[in-house]
Every structure is written in C-alpha cells, then in structure tokens.
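Trainee: To start, I am sharing the structure in question, which I have written as structure tokens.
The values are calculated or read from the model by the stated rules, or taken from the named source; none is laboratory data. Quick caveat, the model's predicted, so the values are computed rather than measured. Backbone-built Cβ (ideal geometry, glycine too); neighbour counts: all protein chains shown.
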Amino acid sequence: MKNLFSRILKIYDERDFLLYQKAKVIASLNIVIIALTCITIVSTLAIQVKIKPNIILTESIVLLYGIAALVLLRRGYYHVSAHGIIIAIMIAVWTVMSLDKAHIVSRLDSIAYILAIMTLTSIAVVRRKWIIILYGAVNQVVLIIYAYVFLFLPAETPFIANSSKFDYLLDNSISIFLITFVAYKVFSINQKSLVRAEEEIARRRLSEEHIRDKNTELATTNEELEATNEELQATMEELEASNEEFEVINEELITAYHNLEESEAKLRNIFMAAPVGIISVKNRTIQWASDYFFGMLGYSHDEIVGSDARVFFESEEEYNHLGSFAARALETGKTMELETRYRKKDGTLIDVLLSGRALNPADREPDFIVIAVDISSLKKMENSLMESEEKFRTIAEQSLMGVVMVQNHRFIFVNQAVSDINEYSVEEMLSWTPEKYAETIYPEDLPRILEITRKKENGEMPYAGNNQWRIVARSGKTKWVETSSSPVTIGGKPALLTTVIDITERKKAEKENHERLRSLEILEMIDRAIRGTLDLDKMMKNVLTILLDIYDCDRAWFFYPADPEADTWNLPMVMSRPEYNMDAHLKIDTPMINKMRIAIKSILAKNAPTATVELEGKSLSEITGDYSIKSLLVMPIYPRLGKPWLVGLHQCSHARSWTDSEINLLKETGRKMSDALSSLIFFRDLMESEDRFRTMIDLAPYPIAMSEKDGKVTYLNRAFRDVFGYTHDDLPHLDQWWQKAYPDPVYRDKVSAMWDIATQEALRENRPISPQEWIVTCKDGSMRNIEFRMVPIGDVSFTVMDDLTEKKITQEMMIQSEKMMTVGSLAAGMAHEINNPLGIILQGIQNTLRRVNPDNVKNDAVARECDTAIRQIHGYLEKQNILSYLDGIREAGNRAAKIVASMLQFSRKSDSEMKSVDLNTLIEQTLEIAAQDYDLKKSYDFKKISVMKNFGPAIPAIRCIETEIEQVLLNLLKNAAQAMNEIHDPDYAPEIHITTAQDGEFAILQVYDNGPGIGEDTIKHIFEPFYTTKSVGTGTGLGLSVSYFIITNNHGGEISAESEPGKGVTFTVKIPLAWRMHG
C-alpha cells in the first residue's frame, strides 16, 4: 500500500509534509469511494427488481469522477481533485435524497453523508480558509431548500409533526455550523503551527549553514589561532551541551578577551575569524565587528560599522534595558552577561547570549567589547528537553496505559491507570510486593503466569513480548489485562518496568467479532446456496440443509402461505433428522385451523424471529399439532411477489433456549431469503412462461429463427431444422447462414443488398420488415422457395419463414392447367373453324376423283356428251400428275382432319377428372401434339427427331387425370428434344425411344433419348424445385419438379432418371393400374 501511494503521489515533494499528507488522505478517499460506488451499483443492479435509472446514473457519475479525481491528483492537480470529489459526493447525496422514492424518513437520514464529508473540508483547503465557510453556507442553504420542498411542502408527510420537522432542520443546521466552525478553526491552528515551524526550521538551517562555513574557515587559519580556537570551540560545545556550564565558558571567553585586548593588533584576525560574533561598541555606536557577526545578522560591513546598535533590537524597551545593564556592569567592573534577541536584516529574530566588558572603565566613554553567541539552537534544545520532561511526567500520570516500577521486590511507582484497573488506590499499591499482586491474578491463570515469570528471571526466555491474563479486581469483577515488562536501571540499581493495559473490552469485542465472523461465514454459505441454483426447490433444500447443520436442530422447514386468511397451508420443503421425518407432510395442502391462524398473526405482528408462540396459555404442541416439537424458532419472510412465507426450526429431542446470535442469524437468513424467493419465484414464473412460449415456437409449422444484434444465432425451432436440415451447430452465426443458404456469391450479394434495403426501411418506418422471397439452398443441397418475415424486438430479431415450394409447384400446375384449358378452348374453336373449309376441301377432292373415275358409266356418258371419252380425260390427268396432286391434297386433308380431331379430343380432356385411360393411346395422342413443337429461333423442330415406339401388348388401363399425364410426357419429350438440339454434329441422328410394359400392379413408361446425358452431381437434383442447368430466362426449374409432384402426389406413382454423360437419359415412370386404384 505504501508503494502504491508513493507511485500515485510521486509528483508531490515530501518536504512539503502537510500537502503530501493531505494528498495521501484524498487519494485514500478516492479509492474508497470508487470501491464503495462499484459495490453500490452492482448491488443495486443485482438486488433491486425495479432499477431506478436516475439513481444508477448519479452513482455512475460519482464513480467516474472518483476515477478522474484520482488521475488529476496523480498529475498534481490537488485542488481540483480534492474539492471536486467533495463537491461530487455532496451533489450525489443531495441528488439521491431528491430522486429516491424511498420513505421520507430513510431519505432524511442521508444527511449524515453530507455531515461526514464536510469534515474533510479542512483537508481539501490549502490556503483560502474562507472556502470552508463557503461549503458550510452552501450546504445550509441546500438543507433549507430541501426541507421546504420535501418536508414542509408535500402533503405526503402529515404523519410528521411540524415541531419534528423544525427540530430536524434546526439540529442539522447546528451540526453544519459546528462542523464548519471546527473545520475552520482546525485549519487555522494547523496553518499557524506550520508557519511557526517553518520559520524555526529556516532559522535553524541558516544557523547550521553559518556554523559549517565558519568551521571551514577556522580549519585554514594560522597555527597561532589553534589554541584559542580550541578554547572557543570547547566553550561553544559546553554552551550547547549544558546551560549550567555557561559561567565557566563565559569566564574563559572573558579571559580570552583580555588576552586579545593585550595583543589587539596581533589577534584582530582571530576575533574576525572566531565562530562567535564580536563587536566593539562605544557610546552605543558600533566601532567594528567580526566577519562572523556580519554573517550571523546578514549585514555588510558598511551597514553596521558607525551605526547605532539600536538597529539590532526588537524594541526600544529591549535596547534601553541593555543600556542600563551595561551601565551597571561598568559601575561594578564586572563582565556583562545578558540573554536577549537580535533582529536580523531580513527581520527574523534570533536568541543571543551577550558577554561584554569595558576595556577602559576609567574613561568617560569607555569601549565595550561584546561577544554575541547565537543560542537559538540551545534554546530550542532546552525547550524541547523541558517539554519532553513535562510530557513524560504527564504521560506517566495521565496515561490510559498502566505503568508499574518494581525495585528491591517492592512497587516504587504506580500510576493512576493501574489503580483504576485493579480498583485499589495508588497509595495502597505502593506498599505491595509482587506476591501481593499475584493474589489478584485469576486462579486458573496464576500457574501459567508464575511459570512465565520464573523462566524470565532465570533467563530461559526473553522479557520482550506481551502476556495476557485475567485479574480479579477489588469489586470482584474479572478483567483481562495485557502486560509487557522490561528490565531498567533506576538510581544505578536494577528495576523492572511493566506496562499494563485493560483489554477486557477488546476480549469482549474479539468474542463478538468471532461470533459475527461465524455468522458472516454462515450467511456466506447460505448466500452461495441461494445463488448456486435457479431451481426454487433445490435452493430451499440447500438452505435448510445448512440451517439444520449449523443450528444442530432436529428439523428445518419452509411454510407457505403465512396468511391467516388462507384456507390451507403446506410445507414446500422440510429437512429433518431421520427420527423426526416429516416427508409425508411435504407439499400437502392442510386446512388452516383457527389456532394456526392466531399463531401466524402473532408471528407476523413481531416481524422478527419468534422463539415461542404464546396463545391463550396453551402449550406449543397444542398450537403446532402432534409434531413432537419442544422448541420453535420461526422467522417471517416477505417476498415481493405473493404472500408471506415462514422459515423455522424445530428442536424435538429437548427443550432449547435460542441464543441471541442464533436468533439474529435466522433474522439475517430471512432477509436474504426474502430477496431470493422474490427472484426465484419470478424466475420460475418467467421460465414457465418461456417454456410455454418456446414449446409454442418449437411446434410452430413455420421455420423460426432468433438472432441477436451482433449476428449470433440463439434459437432455431423444429420446423427450421426439418425444412432446411441445418442445426444450431451448423449456424452459430448469421455469417454461416449467408454462406450455406446462398452458396452462389452473385446471388448472395443480391439477396444481402435487398435485405439491407428492406431492413433499413423497416427501422426507419418502425415496422416489421416486409416479406422477402428468396431461393434457399438446404443442407442436403436441395433448394426451396422461402418467404422471410422479420420482426426486431430490442436487440433480438425474430425471423419467420414460410416454405412456398409446394405452393409454387401447385401454382405452376395451376398455370399449366390454365394453359391446357386455354389451349383446349383454343383448339376446340380452331377445330370448328378449320373443319368447315377442310370438309369442303376433302369433299371437293373426293367428288373430283369420283368424277374422273373411268370405271364410272355415268362419267363416260357425260364425257361423250362433250365429244370426248372419260378414259382420255383420265389419261391426260394421269400424264400431267394431276391425279397425284389430288391424292396428295386428299392425304393432307385427311391428316389435317386427324389433327383437328386430336385437338378436339384434347379440348374435351381439359377437366381434372380421374378416369381409366389406355396408356399407349395416350402416348400416341401426346406424340401428335409434340410433333407440332417448333422453335424458329433455335432451328428446333420435333419432326426431325426419330421416335421409336415399343408398346407392350395388353397393358391394362391406368386410372389418371389424362391432361396431367400428357403434361408429364410432354415435359419429358420436350426436355429430351431441347437437350439433343444442343448437339451440333452433322452425323448425329437424334432419337427418342418410348417403351411401355406392365410390372405387377403398375404400368411402366420409359422415355430414352440419345442426347448428351446428365452428370452424377446434377441428376441428384433434377426433381428439386427451381433447379435448372439452362441459362437464365430459358427455364424455371419447375418442369421436372411439377412432373414429380403429379406422378408421386396426385397419382401415387414413381418417377426416376438414369444417365451417364454422353449416353443419353432414361426416365422411368410407374403409374398404378386402374384396377389397383379401384381395389
């Protein structure tokens, strides 16, 4: 700790003792305030259920300024640090007193902090002591304002009498005045003492410097001066050592002076170099002076020689006194000796001893030779010695520590403190011997003390060290004393000095502290048990186990509710010895009988631990029932939630008197349990609510994720894991979600940018984020169309997702159905429109061919009427290929009629009715439609593809929605045609092979193409929604997924694909037969 303060206060010079000590006090105060404020803030946050922001803010400001003040103090800004911390604490206390919503009485008590901090003002102030008065005045004004606003003005304090309000104001005003007055006076006294001490130290240092300088000069003087210098030095040493030897020294100086007078010319240099001031005075005018005299007073030669000696004296009275004294010395012819005070050039005064004598007493105006010796140091030593003697005498007589001196086996000195301890008078004890004193030692301690004394007297153990024992005072009261003995010499004879201290109160305090520490250890154990779990039952069990062990009782329990108006009560937790087990009563609702109601009222009324329950003179067993209770200790608990509780102890084996420490311990336990029950009951309710909420979220049909502001993922519900396959280990942070759900960096950047825009808009408009729809890659590599909705709540964001994949497939099917219905309607209209002219064309061709038929007799008759023969006409038409043309027109018309008939049939099948259909016929019809597929842009024509059909014979009908199976087959044919169109080899001949067969209860349809084939990685995903290998804008990725949905979901069948790159693709479709569907 000393090194810590040295580092903090190294900027302060320890030679400025007062400032350095004040800085240490302020540094200690700052450290204590920082520690206490931290503890206060932590306890406020941890214990209070409803945090008061204003209080926390005020405490935080004090903490910050405490740290800042410590930094300022370390940098040398003492005034800013000291006054700042005092002002900060005062403002904080007044602010807390104003903002606190506690009871007015507890708030008024906080004035004690103001009074306490005002005592530090005398430490903070260094020069301007009026600041202390300013502190007092400001706090007095604030007190008056506070009392008026919070005590006299509010209507909430009618229970406080006006006289009490004025007493409070007057008492605290007087306290502020007295503290201010005392601080002001203490500062003034310290300041004056410091100034006086600094002046004395300065004079002493200057004197010591002059002595050192002159000693150096004397070391280099003439050998002739050695004898005289030795005599003068001896004289100075004798003067410093003892005032009683001064006469001898003075006579030697006078003798030396006479010797010098006889050889003035020879010895003038000696006088000038002597370590004393020597001057020659005539008619009160200085004739000459030694160099030492000049240095002693700080004057130069010209300033002193020829001037009046009055300049050296403090007052005219001192000057005249010296003159009259010199006159008497001249009359008697003796040496003049006088102690007086000289004023130095700088105005300071020094004590001097003047020794002088007239050189020629017979002259009218004789010359006086005066030796001036600076005896300031001797004076100080003399005063210190006198003070030391007085202090020792006072200490010995008035000390609270007893002092006993034993010599020649008798008490030769006993002070009043020993008399007070033993309750015998000093006079009585001065007649005692050590044996007499031994009679007062407590009998149990006497053998030990006698053995210690024997060992010390025999040299077996040193005298140093303290011993403690008990004595029996005159009144019979037992007291503890602590002694320490040392051998001393008094009057040349050995003696024993013993100090005696009454430590009775210390022993009592040690015992109380031991009990208090034990209580604190137990409370710490209970506190750890409370804080060690969030489970209410476990906490109660842990606490009761500790109480059962600490109290060594037979049973410890909790009782709820402690409400006299309740219908039932129960024991939420009981811990007991095996022979007094009450587990059968645990958590059992028991009717509240009248005796129990009255007993509970009595316990609650005391609001403190109750050792006995008194009820109309009835015994304890009559009140508590047949639980074998001999003694009871119970404490009410008042949690902030719900009704009161009781915590109690049973002693069943014997009647027991509970000690004060046991009662106080249970009281403190009850207080701790009050806060613990409040927190754990609240936590239990919160956890139950959270469990319900979590269960609801976890069972929700929609994927839900929760994340924090920093991106940490805190929760994923079951639907999320089922839909995407990701667990919390896969997605600890949103960064992993972005990487895994959107592996394509381009698409990921697009989604991220759009998501940021939507988030900023939502935050700006204070609303949930509008739905965002994106394609997400699942853990197994599949992709799903997901709609995202996010709601930010504080630092937590809830994201709810809706899997639109099936919905999208259904929409696509609906769109395809709508297309089919549209095409069907269009086909029906076109068929009717085409059939009319087509019928006329076919009928015309048929009539033309019939009328040029040479075998028809009628045709020949008509030809002859025209002067020709029918066979000639037929020959002409045949030679001109006109008949071939007509046959071609007829074949084309028939083909067109067939296509129109197919379109009409397709238009009639556009409903969604499930019915029996011949699979081979359905394939033929679909091929006719597919044959019309043509893409001019890609030079794509389905007619250029060779279609090989291998239909199995006698395949039973399938039961299906005809248009949906046609849609599946069209998708397969179109995908095959488009894939083969990508091969640009002139020798390549595209082929599609269609095979049908029966496999048990299923009809098998296989579609094979000799196209480029599909890779192993791709074929795994071809039936997944939105998966496509085509370029953007070419395909949606839904064709095969819709086909998969139609076959598996709508028809209960199967569809699969097999392929190798470069060897084409084979799609296999299994559709249940109609009789199986009926079955």
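Trainee: Could you give every pair whose Cβ atoms fall below 9 Å, whose first residue belongs to the stretch 685-701 and is among the basic types (Lys, Arg), and whose second residue is surrounded by 10 or more Cβ atoms within 10 Å (Cβ to Cβ) and at pLDDT 75 or above, counting only separations of at least 6 or pairs across chains?
Mentor: Going by the 9 Å Cβ cut-off, the qualifying pairs are Arg694/Tyr715; Arg694/Asn717.
Trainee: Given the criteria farther than 30 Å from His1021 by Cβ and either outside any helix (DSSP H, G or I) or not charged (D, E, K, R) (or both), does Ala762 qualify?
Mentor: Numbers: farther than 30 Å from His1021 by Cβ: yes; either outside any helix (DSSP H, G or I) or not charged (D, E, K, R) (or both): yes.
For Ala762, the condition - farther than 30 Å from His1021 by Cβ and either outside any helix (DSSP H, G or I) or not charged (D, E, K, R) (or both) - is met.
Residue by residue, here is whether (1) of a type in the set (Lys, Arg); (2) not assigned by TED's automatic domain parsing to the domain that holds Arg410 holds:
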{"position": "Glu482", "(1), (2)": "no, no"}
{"position": "Arg516", "(1), (2)": "yes, yes"}
{"position": "Leu544", "(1), (2)": "no, yes"}
{"position": "Tyr551", "(1), (2)": "no, yes"}
{"position": "Arg555", "(1), (2)": "yes, yes"}
{"position": "Pro561", "(1), (2)": "no, yes"}
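Trainee: Does at least one position in the stretch 828-844 carry a residue that is closer than 30 Å to Gly1039 by Cα, modelled with pLDDT under 65, in a helix (DSSP H, G or I) and out of contact with any Pro (no Cβ under 7 Å at 6 or more places or on another chain)?
Mentor: Within the stretch 828-844, the first condition is being closer than 30 Å to Gly1039 by Cα, and the residues that meet it are 828-831.
Imposing the further condition that a residue be modelled with pLDDT under 65 reduces the set to 828.
Remaining after also requiring in a helix (DSSP H, G or I): 828.
Keeping just the survivors that are out of contact with any Pro (no Cβ under 7 Å at 6 or more places or on another chain) gives 828.
The answer is yes; a qualifying residue exists.
Trainee: Still on this model: Here is a check on your reading of the model: is Ile598 out of contact with any strand residue (DSSP E or B) (no Cβ under 9 Å at 6 or more places or on another chain), farther than 22 Å from Lys667 by Cβ and among the hydrophobic types (A, V, I, L, M, F, W, C)? So that I can check it myself, show each step before the final result.
Mentor: Details: out of contact with any strand residue (DSSP E or B) (no Cβ under 9 Å at 6 or more places or on another chain): yes; farther than 22 Å from Lys667 by Cβ: yes; among the hydrophobic types (A, V, I, L, M, F, W, C): yes.
Taking the combined requirement at face value, the residue satisfies it.
Trainee: Another question, if that's okay. Tally time: how many residues in the stretch 61-96 are surrounded by fewer than 16 Cβ atoms within 10 Å (Cβ to Cβ), under 18 Å from the mean Cα position of the chain (by Cα), over 24 Å from Leu143 (Cβ atoms) and in contact (Cβ under 8 Å) with a residue 12 or more places away in the chain?
Mentor: Going through the stretch 61-96 one residue at a time, the tally reaches 1.
Trainee: Within the stretch 716-738, identify whether any single residue is basic (Lys, Arg), at pLDDT below 90 and either outside the structural domain of Ser797 (by TED's automatic domain parsing) or under 34 Å from the mean Cα position of the chain (by Cα) (or both), and answer yes or no.
Mentor: Taking the stretch 716-738 and keeping what is basic (Lys, Arg), we get 718, 721.
With at pLDDT below 90 added as a condition, the list becomes 718, 721.
Those still in the list that are either outside the structural domain of Ser797 (by TED's automatic domain parsing) or under 34 Å from the mean Cα position of the chain (by Cα) (or both) too: none.
Checked against the condition, which is being basic (Lys, Arg), at pLDDT below 90 and either outside the structural domain of Ser797 (by TED's automatic domain parsing) or under 34 Å from the mean Cα position of the chain (by Cα) (or both), the stretch 716-738 yields no hits at all.
Residue-wise test of (1) in the same structural domain as Ile278 (by TED's automatic domain parsing); (2) at pLDDT 75 or above; (3) surrounded by 12 or more Cβ atoms within 10 Å (Cβ to Cβ).
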position	(1), (2), (3)
Leu322	yes, yes, yes
Thr332	yes, no, no
Thr335	yes, yes, yes
Tyr342	yes, yes, yes
Thr348	yes, yes, yes
Val352	yes, yes, yes
Ser355	yes, yes, yes
Leu359	yes, no, yes
Ser377	yes, yes, yes
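Trainee: Any residue at all in the stretch 553-566 that is in a helix (DSSP H, G or I), touching a Leu at 6+ places or on another chain (Cβ under 8 Å) and not basic (Lys, Arg)? Break it down stepwise before answering.
Mentor: Here is the first cut: in the stretch 553-566, the ones in a helix (DSSP H, G or I) are none.
No, because not a single residue in the stretch 553-566 is in a helix (DSSP H, G or I), touching a Leu at 6+ places or on another chain (Cβ under 8 Å) and not basic (Lys, Arg).
Trainee: I've got another one for you. Working carefully through the options Trp569, Trp658, find the one that is of a type in the set (Phe, Trp, Tyr), closer than 27 Å to Ser519 by Cα and at pLDDT 85 or above.
Mentor: Exactly one residue qualifies, and that residue is Trp658.
Trainee: Ok, one more. In the stretch 518-565, which residues are surrounded by fewer than 16 Cβ atoms within 10 Å (Cβ to Cβ) and among the hydroxyl-bearing types (Ser, Thr, Tyr)?
Mentor: Across the stretch 518-565, the qualifying residues are Thr533, Thr545.
Trainee: What are the residues in the stretch 970-1007 that are at pLDDT 90 or above, surrounded by 21 or more Cβ atoms within 10 Å (Cβ to Cβ) and either under 12 Å from Asn920 (Cα atoms) or not β-branched (Val, Ile, Thr) (or both), if any?
Mentor: Scanning the stretch 970-1007 gives Ile994, Ala1003, Leu1005.
Residue by residue, here is whether (1) in a helix (DSSP H, G or I); (2) touching a residue at least 12 places away in the same chain (Cβ under 8 Å) holds:
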{"residue": "Val418", "(1), (2)": "yes, yes"}
{"residue": "Ile421", "(1), (2)": "yes, yes"}
{"residue": "Ser431", "(1), (2)": "no, yes"}
{"residue": "Glu435", "(1), (2)": "yes, no"}
{"residue": "Pro447", "(1), (2)": "yes, no"}
{"residue": "Leu450", "(1), (2)": "yes, yes"}
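Trainee: Please tell me if Thr568 is in contact with a strand residue (DSSP E or B) (Cβ under 7 Å, 6 or more places away or on another chain) and under 23 Å from Ser661 (Cα atoms). Break it down stepwise before answering.
Mentor: Numbers: in contact with a strand residue (DSSP E or B) (Cβ under 7 Å, 6 or more places away or on another chain): yes; under 23 Å from Ser661 (Cα atoms): no.
For Thr568, the condition - in contact with a strand residue (DSSP E or B) (Cβ under 7 Å, 6 or more places away or on another chain) and under 23 Å from Ser661 (Cα atoms) - is not met.
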